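Accompanying notes for the structure given below.
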Amino acid sequence: NKVFGYDDKTVQHHISSWMETIHPEDRERVIKGIYKVINSGEKYWTDDYRYLMNDGRVLFIYDRGYVLHDENGKPYRMIGSMLDITDRIKTELALREKEERYRNLFERAGDSIVVHDMTGQIIDVNEAAVAYSGFSKEELLRMKVSDLLFPEDLEKQPVPWDKIIAGETTFNRRRVKTRSGITRIMEVSSKQLPDGNVMAMIRDVTERSEAEKALRVSERRFRALADNVPVGIFETNGEGDTIYVNSKMQEYSGL
């Protein structure tokens, strides 16, 4: 009685008084469960439910009952114990809420997310990763990260496990294989999670990478042309500052 906020003056020594302390939303289920055990001849009943304390607070209870039968098999008494599991339930609910928020963010992320263990075995992927790779989720979960990469790239740029284990966030750009055979260029950001696994955030930069490559080629062509024409070339910004000169301009100016 002290644990649950009642005393002998406020509790009627009858099962009905206990039933009134069960939360209304749980009461019918709990009572049906008890009578099901009694009527079936079983000896043990267990359930968990919300319990209304005398001061209005709600506890989460794990209840266990043992049904005694007479020599004719007729039930005549139940002996039980009630355990307060409120803290455990609240912790589980908080963890479940965090997990739901994490899963919601995980699935809604526009970038691909791949979670793998320290051997590279993939253990979770989001929908974006499935869409970009062309593989189904089930197929990806049977693969290792190395299955999606090129061996020659890994040889030149191995996975920086030492930095990941040290808690650093690593960044690199890699070629990634897809189911269709098309190679995508991905920026990969990796970080070790508290459980020891690694989360890799992967962004497709194929188009940007191709644009950068084309820009570099164009720049090389421009410089090759500018440095070989027989005229001086210079470029200025809007304020009149010189920002580029070719070799012939340097020759003419002596600067």
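The values are calculated or read from the model by the stated rules, or taken from the named source; none is laboratory data. Keep in mind that this is a model prediction, so the values were computed, not measured. Reconstructed Cβ throughout: ideal geometry from the backbone, glycine too, with neighbour counts over all protein chains shown. Heavy atoms of the whole protein, side chains included, go into the accessibility calculation; ligands, DNA and RNA do not. Shrake-Rupley method; radii C 1.70, N 1.55, O 1.52, S 1.80 Å.
Computed quantities for the displayed model
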{"read-out": "Rounded percent of accessible protein surface that carbon and sulfur make up, the chain, 1.4 Å probe", "value": "53"}
{"read-out": "Computed over the chain: relative contact order in percent, which uses C-alpha pairs under 8 Å that are six or more apart", "value": "9"}
{"read-out": "Radius 15 Å from Cβ of Val229, net charge of other residues (Lys, Arg +1; Asp, Glu -1)", "value": "0"}
{"read-out": "Radius 13 Å from Cβ of Ile61, net charge of other residues (Lys, Arg +1; Asp, Glu -1)", "value": "-1"}
{"read-out": "From the C-alpha gyration tensor of the stretch 127-170, square roots of 5λ in Å", "value": "23, 14, 9"}
{"read-out": "Probe 1.4 Å, protein heavy atoms only - accessible area per residue of the stretch 105-212 in square angstrom", "value": "57"}
{"read-out": "Among (i) 35.0, 121; (ii) 21.4, 70; (iii) 20.0, 62, the entry that matches Rg and Dmax of the Cα atoms in Å as calculated here", "value": "(i)"}
{"read-out": "R0 of 35 Å, Cβ-Cβ distance Ala109-Phe150: FRET efficiency to nearest 0.05", "value": "0.90"}
{"read-out": "For the chain, with +1 on Lys and Arg beta carbons and -1 on Asp and Glu, the positive-most of Ala214, Pro160, Thr183 along the dipole", "value": "Thr183"}
{"read-out": "In degrees, nearest ten, helix 206-226 long axis to first principal axis of the chain (Cα)", "value": "10"}
{"read-out": "Which of Asn172, Thr119, Ala200, positive extreme of dipole for the stretch 84-231 (C-beta unit charges)", "value": "Asn172"}
{"read-out": "Radius of gyration and Dmax over the Cα atoms of the stretch 101-212, both given in Å", "value": "13.4, 39"}
{"read-out": "Highest-first arrangement of 63-70, 129-136, 79-86, where packing means the average Cβ count within 10 Å", "value": "129-136, 63-70, 79-86"}
{"read-out": "Structure-based [θ]222 nm, the chain - -39500 (n - 2.57) summed over DSSP H runs of at least 4, per residue, nearest 500", "value": "-11000 deg cm²/dmol"}
{"read-out": "13 Å beta-carbon shell around Leu141, net charge (K/R +1, D/E -1)", "value": "-2"}
{"read-out": "C-alpha long axis of helix 24-40 to longest principal axis of the chain, angle in °", "value": "60"}
